[in-house]
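Only one structure is covered here, and it is reproduced in the block below.
The values are calculated or read from the model by the stated rules, or taken from the named source; none is laboratory data. Since we're looking at a predicted model, the values are computed, not measured. Cβ coordinates were reconstructed from backbone atoms using ideal geometry, including for glycine residues, and neighbour counts include every protein chain displayed. Each accessible area value is taken on the protein alone, full model and side chains, heavy atoms only, with ligands, DNA and RNA left out. Shrake-Rupley method; radii C 1.70, N 1.55, O 1.52, S 1.80 Å.
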Amino acid sequence: MVVSPDLRDLTCVIVQGVKFFELVAEPVVQEILPGVFMKGWGYNGSIPGPTIRVFPGDWVTIRVHNRLPEATSVHWHGLDVPNRMDGVPAVEPSPYIEQGQFFDYHFQIVNPPGTHMYHTHVDAAFQELMGLGGGFIIEDPYEYSAQRDYFIMLQEFHLKGMEKGVVKTGQFELDTMSDGFNFFTMNGRCFPHTTPLPVCYGEEVRIRFGNIGMNAHPIHLHGHQFWVAAADGNTIPHFNRELRNTILVPSGVTTDIEFSAQNPGVWPLHCHMPHHTSNNMTKPTGGMFTVVQYV
């Protein structure tokens, strides 16, 4: 089972054999550090939104309610869905979801098991950088290779009113048109507010990364080498996998890594861009950073 630390899974009910989900696009006040809140847009009360988990062959209906002050949509990034369900209303028959309205996205999961994402596709330069995205995982019902399976969404934000080198508490608006991001998050939190990833000695571990932000992130794991196991939701054959300890996760990409937990300790897992391991350019370690912790 895939676990998304610090996030909820989106629950469903089964109606006549169809998994029925409800996703609510709405303003969200997200706590990224203790006492530091950003005023963004998310789904079901969080940034990123809850993780959707399904199986190959499932029929799903995802009702998206729009509680934002403008029209929106949801694009199922990497999923092979009918054109009307793809969620890009500017160029497709897929509709806008107007303020106060909802739309039912209905499709069958035809992709194989893999890591995907969902996100807005209306005024993406604004809405995506307000936080509108989440993970969409097609799980393998016959999974046997990984005892621990984690999903991490990589995002970045520019909080207004933060003097560089200082982290103040309070609620802060976002500047989506700035390239000068000052806070970098994993599953909506900055280190040290992130939850460690627990593993036991000898376990096989998979970590899935998704990125819908502006920056590419070279993710580095200390103390271990890992295999690059999947790209964009597509499994890489074992004979074609690379053994790495750092992997670049560009915007729009999902990447899965796998490793054996054979080196006990508390090991950093972080973006290797120096500015991305700092909260608003402060000296203490922070930003896009978590740890793999043996238990």
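May I ask which residue of Ala229, Thr194, Ala216 lies farthest towards the positive end of the charge dipole of the stretch 179-243, with charges of +1 (Lys, Arg) and -1 (Asp, Glu) on Cβ and the Cα centre as origin?
Positive-most Cα among the choices belongs to Thr194.
Can you give the accessible area of Glu98 in Å² (nearest 10), computed on protein heavy atoms with a 1.4 Å probe?
100 Å²
What FRET efficiency would be calculated for the residue pair Tyr142, Phe102, taking the C-beta separation as r and a Förster radius of 25 Å, to the nearest 0.05?
0.10
Take the solvent-accessible surface of the protein heavy atoms, probe 1.4 Å, and return the percent of it on the stretch 190-295 that carbon and sulfur atoms account for.
Within the stretch 190-295, the accessible surface is 59 percent carbon and sulfur.
Please list, or write none, the lysines whose alpha carbon is within less than 24 Å of the alpha carbon of Lys39, excluding same-chain residues fewer than 8 places away.
In chain and number order, the partners are Lys160, Lys164, Lys168.
Determine how many Å³ per residue the convex hull of the Cα atoms of the chain encloses.
127 Å³
What's the magnitude of the charge dipole for the chain around its Cα centre, counting Lys and Arg as +1 and Asp and Glu as -1 at the beta-carbon? Answer in Debye, nearest 20.
That gives the chain a dipole magnitude of about 660 debye.
If you stretched the chain out fully between His220 and Ala90, how much longer would it get, using 0.36 nm times the residue separation minus the C-alpha to C-alpha distance?
Residue separation times 0.36 nm, minus the Cα-Cα distance, leaves 43.1 nm.
Around Pro95, what is the net charge, scoring Lys/Arg as +1 and Asp/Glu as -1 over all other residues with Cβ under 15 Å from its Cβ? Intermediate values should be presented prior to the final figure.
Details: positive: Arg63, Arg84; negative: Glu70, Asp86, Glu92, Glu98, Asp104.
Around Pro95, the charge tally is -3.
Dipole magnitude of the stretch 1-134 about its Cα centre, charges +1 at Lys/Arg Cβ and -1 at Asp/Glu Cβ only, in debye to the nearest 20?
In total the dipole reaches around 240 debye.
So what is the calculated 222 nm ellipticity per residue for the chain, using -39500 (n - 2.57) for each DSSP H run with n of 4 or more, over all residues, to the nearest 500 deg cm²/dmol?
Here the helix-only value at 222 nm equals 0 deg cm²/dmol.
Provide the gained length on full extension for the span Gln171 to Val110, in nm with one decimal, where the gain is 0.36 nm per separating residue minus the Cα-Cα distance.
17.8 nm
If you take the beta carbon distance between Arg244 and Arg8 as r and set R0 to 30 Å, what does 1/(1 + (r/R0)^6) give as a FRET efficiency, to the nearest 0.05? It would help to have the intermediate numbers written out before the result.
On the way: r = 31 Å, r/R0 = 1.03.
Efficiency, rounded to the nearest 0.05: 0.45.
What percent does the relative contact order of the stretch 148-295 come to when contacts are Cα pairs within less than 8 Å and at least six residues apart?
Details: 359 pairs, mean separation 47.3, N = 148.
Normalised by residue count, the contact order of the stretch 148-295 is 32 percent.
What longest region of the chain stays clear of chymotrypsin sites (Phe, Trp or Tyr not before Pro) that DSSP places outside H, G, I, E and B and that have at most 14 other Cβ atoms within 10 Å? Intermediate values should be presented prior to the final figure.
On the way: sites that count: Tyr142, Tyr144, Tyr201.
In the chain, the maximal stretch lacking such sites is 1-141.
Leaving out ligands, DNA and RNA, and with a 1.4 Å probe, what % of the accessible surface on the stretch 1-99 is carbon or sulfur?
Numbers: 2280 of 4220 Å².
After summing per-atom areas, the C and S share lands at 54 percent.
For the chain, with every protein chain kept in place, what is the accessible area per residue (1.4 Å probe, Å²)?
Working: 12500 Å² over 295 residues.
Here the per-residue accessible area is 42 Å².
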